[in-house]
Structure formats: C-alpha cells, structure tokens
Amino acid sequence: MRKIAILGSTGSIGTQTLEVVEQNGDIQVTALAAGGNVERMEQQIRKFRPALACMGDEKKARELKGRTADLDVRITAGMEGLLEVATEPEAELLVTAIVGMIGIRPTIAAMEAGKDIALANKETLVTAGHIIMPLAKEKNVRILPVDSEHSAIFQCLNGEDKRAVHKLLLTASGGPFRGWTKEQLNKVQVEDALKHPNWTMGRKITIDSSTMVNKGLEVMEAKWLFGVSMDQVQVVIQPQSVIHSMVEFEDGAVMAQLGAPDMKLPIQYALYYPERRFLPGERLDFTKLKSISFEVPDREVFGGLKLAYKAGRRGGSLPTVFNAANEYAVAKFLEREISYPAIVEMIESAMEHHKTVEQPDVAQILDAERETYEFLESRW
C-alpha cells in the first residue's frame, strides 16, 4: 500500500487528492497539513485517520486538538508542524498542494528525507528551482508534476529523449477576459475575475489565471522541471482547454496530451506513476468536439506574462520578487483594496525596485519575499 502525506489538504488540490485516494482505496494517508479550515481538517482526519496533522497556527491547532480528542492523532502547528508532516517517516511521497512560498522549506526537508514529491506548489520551483532540481538529482527523488500543463508535458516526454526537445507549448484557456482591452480591464471586479470559463480552482489561482500571471509562473516552473530555457517555452491560448500542453521535438513532430478539464487526472497520474488507472468522470467525445482553436496571448494587455518572461530570463532572486509581489497584490485585490490593473502594476514596480541576488539560498529567497512585501506596503 502506498503511503502519502499532503500539505494543503483542505484546499482545492488537497481535497481532490483525497477524493482520488478514496476512489482507489489502496493509499494510506499518514499526515495532513492545512492553514485555517479546522472543520474540514477534522472531517479529513476522521475519514482518513492520519497519525499526524498540522494547522497554520497554535490557536487553530488547539481547536483541532479539542475536536479530535477521541482520535489517535497528533496535532502540530506552524512551520515546525509543516516540516514534521513533510518528513513523516511512513510516507513515501509528499503532495505539496500548499499555496505560496511557505512550501519551499517543507519540500526541501521531504527531499532530504528521500521522499518523492507530487508538486502542485509552483512557487517552490519558480523561486528555488536552482536549489530543488540539483537536490532531487542528488537525493535520487522524483518530482512528479501535478499542474495539468506540466503533467501533460511530463506525459508527452515519457519514454522520449529529452535532449530532442525543441520547445514546449504551454496551453492556456485565456481566462474570463480573453480578447479584452486594457480599458475593459479597468472595470473588472473580484466577482468577474473569479469566473473561470473551464476550471474549478482556489481563489488565488483563479485570479492568477485571469491575469495570466499563473501562466507566467508555469513557464518558469517548466524551465526548471524540464531543463529548457525560457525561450523554449511558448504560451498558446487554447480556449476549449482540451489540449493541456504539447511538446515539439527537433524533427518537427508535436505530441499533445488531451483530456477533459479535470484536475483529478494529473493528480492520480502523479500518485501512481508510471501506472495508469481507471478514473471515473467526463471523457472527450471527438464526435461532439466541433473545433480546437488557438490564439496568440496578448502580452501588452496581459502584462503579467511579459513580466514573467523578464523575471525568468534574468533569474536569481527576481522570480521571487515577481511571485511575492503577485501574492501581495492578489490578496489586496481580493480584499477590494486595489484595482484589477494594479496587480500587474505592483509586480512591475517591485521588480524595478529590486536589486537581483544571483543564486540565492533559501534565506535570501525568503528575504527577497519579505523585502518585496515591505516595499509594496510603503508604496501602495
């Protein structure tokens, strides 16, 4: 029986991971970690019976401890608790479904402990890819992508010579504002940006998808995951979300992975790789699929994508600033404290202000995050 631990178990990816676990019945969940949703965490503990559970802070942990006093589970809190979950001795694989740069240290700790990583926390590679990928090689652990686009590329490359890759084609739906002008974006409200046309995701990633910042983060993630340059990753708008991504090889052949827009597919693929299993749910019906269309993304209207390429090409600590500024700005937008266009404006401002550190260590990465927050607090 496979044994796994999950960071971010009460979020969108975490809950769907547990649904996959329940559907298959042959995975044991040994440890769970979540931020603040005590009620959902209690439900998960009662259903999956992990030995260890972690909440974001001591107050939430005490509440959870009281609610699960009848169960044999140890409750921890904060970063120390996350590190315990990441290194729980029984687990062979850690699912990193936690949002934000808080996932870096636990991911590194899990790899140091020899655990494979099912990676859904893109910030880990965006900000610390230069640390993570060499460590994976050193520790002989696998990084199995959970993002649908990276899973698609991973599947297309299965059995292929990665040296023969010419470019990667990351597909994007274009979000709810595909084809809009800058003037139209000035009027966007929170409710508008949370209406993704094809995917059901958490609030933060849904906003990121609408600005196309998420696609920029995915380009940087792909660079590290697959050992290519930023300029070998091309973003293509594919509004139907049927093609999840493609690989073009040196001989001109293009391989694509297609499927219904369901995150359970890449989650299950990562949990059981290299085995494929039956997955209940919607299937593509090519007799009903009238067309698959493609468009070029508008990098002037969606400036976050343009800034992501700039950050990824420059490297060092600049991708951390890109990511941190976006996290800060999205939180402000969701609280209705800034306008929608201000998200990208804040990212650009923070990047222009930052003095890039080459090959930053974890402490310097976290310093860059903190300094970005402080700068934006002082200016906005």
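Going by amide H atoms built from the backbone, whose H comes under 5 Å of the H on residue 32, apart from near neighbours?
Result for residue 32 returns 6, 52, 53, 54.
At 222 nm, what helix-only mean residue ellipticity would the chain give, in deg cm²/dmol to the nearest 500, using -39500 (n - 2.57) for each DSSP H run of four or more?
Numbers: 16 runs with 179 residues, N = 380.
One gets -14500 deg cm²/dmol as the mean residue ellipticity at 222 nm.
Using a/c under 1.5 as the rounded threshold, could you call the range 236-380 rounded, prolate or oblate? The axes a ≥ b ≥ c are square roots of the C-alpha gyration tensor eigenvalues, and prolate needs a/b larger than b/c, oblate otherwise. Don't skip to the end; give the middle numbers.
Working: a/c = 2.05, a/b = 1.86, b/c = 1.11.
Cα axes put the range 236-380 in the prolate bin.
Determine the dipole magnitude for the chain: charges of +1 sit on the beta-carbon of Lys and Arg, -1 on that of Asp and Glu, nothing else is charged, the reference point is the Cα centre, and the result goes in debye to the nearest 20.
My answer is approximately 480 debye.
Shape of the range 95-181 from its Cα gyration tensor (a ≥ b ≥ c, root eigenvalues): rounded if a/c is under 1.5, otherwise prolate when a/b > b/c, or oblate?
Values: a/c = 2.38, a/b = 1.33, b/c = 1.79.
In terms of gyration-tensor shape, oblate.
Using the Cα centre of the range 232-366 as the reference point, and only Cβ charges (+1 on K/R, -1 on D/E), how large is the resulting charge dipole? Debye, rounded to the nearest 20.
260
Give a residue-ordered list of calculated ³J(HN,Hα) values for the range 161-170 (Karplus: 6.51 cos²θ - 1.76 cosθ + 1.60, θ = phi - 60°; whole Hz; x for Gly, Pro).
With coefficients 6.51, -1.76 and 1.60, one gets 7, 5, 6, 8, 6, 8, 7, 9, 10, 8 Hz.
Can you grab the distance from the C-alpha centre of the range 308-380 to the C-alpha centre of the range 148-212, Å, no decimals?
20
Would you kindly derive the ³J(HN,Hα) couplings of the range 247-258 from the backbone phi angles with the Karplus curve 6.51 cos²θ - 1.76 cosθ + 1.60 (θ = phi - 60°), listing them in order in whole Hz, with x for Gly and Pro?
Each residue's phi maps through the Karplus curve to give 10, 9, 9, 4, 8, x, 5, 10, 10, 10, 10, 10 Hz.
Going by amide H atoms built from the backbone, whose H comes under 5 Å of the H on residue 3, apart from near neighbours?
28, 92, 93
Apply the Karplus parameterisation 6.51 cos²θ - 1.76 cosθ + 1.60, with θ equal to phi minus 60°, to every residue of the range 277-282 and state each ³J(HN,Hα) to the nearest whole Hz, in sequence, with x for glycine and proline.
10, 4, 10, x, x, 5
Say the dipole of the range 254-380 comes from +1 at the beta carbon of Lys and Arg and -1 at that of Asp and Glu; which of 271, 372, 315 then lies farthest toward its positive end?
My answer, from the dipole projection, is 271.
Pick out, from 190, 106, 140, the residue whose Cα sits farthest towards the positive end of the charge dipole of the chain, with +1 on the Cβ of Lys and Arg and -1 on the Cβ of Asp and Glu.
Most positive-ward Cα: 190.
Need one number: % antiparallel among DSSP beta bridges in the chain, to the nearest 5.
On the way: 11 of 40 bridges.
Just about 30 percent of them are antiparallel.
Taking the Cα centre of the range 189-280 as origin, work out the dipole magnitude from +1 charges on Lys and Arg Cβ and -1 charges on Asp and Glu Cβ, in debye rounded to 20. Spell out each step's value before the answer.
Working: 8 positive and 11 negative charges, 85 e Å.
Taking the Cα centre of the range 189-280 as origin, the dipole is about 400 debye.
Can you pick out the pairs among 65/137; 195/290; 167/332 whose Cα atoms lie more than 31 Å from each other?
Working: 65/137 38 Å; 195/290 24 Å; 167/332 36 Å.
Check vs 31 Å cut-off fails for 65/137; 167/332.
Among rounded, prolate and oblate, which fits the chain when a ≥ b ≥ c are the square roots of the eigenvalues of its C-alpha gyration tensor, a/c under 1.5 means rounded, and a/b larger than b/c means prolate? Could the numbers behind the result be given before it?
Working: a/c = 1.41, a/b = 1.17, b/c = 1.21.
Rounded is the answer for the chain, as its axis ratio a/c remains below 1.5.
Of the options 353, 75, 254, report the single residue whose Cα projects farthest towards the positive end of the charge dipole of the chain (beta-carbon charges: Lys, Arg +1; Asp, Glu -1).
Going by the charge dipole, the pick is 254.
All of the numbers you see were taken from the coordinates with simple rules; none came from a lab. Not measured: the values here are computed from a predicted model. Heads up, the Cβs are rebuilt from the backbone with ideal geometry, glycines too, and the neighbour counts pull from every protein chain shown.
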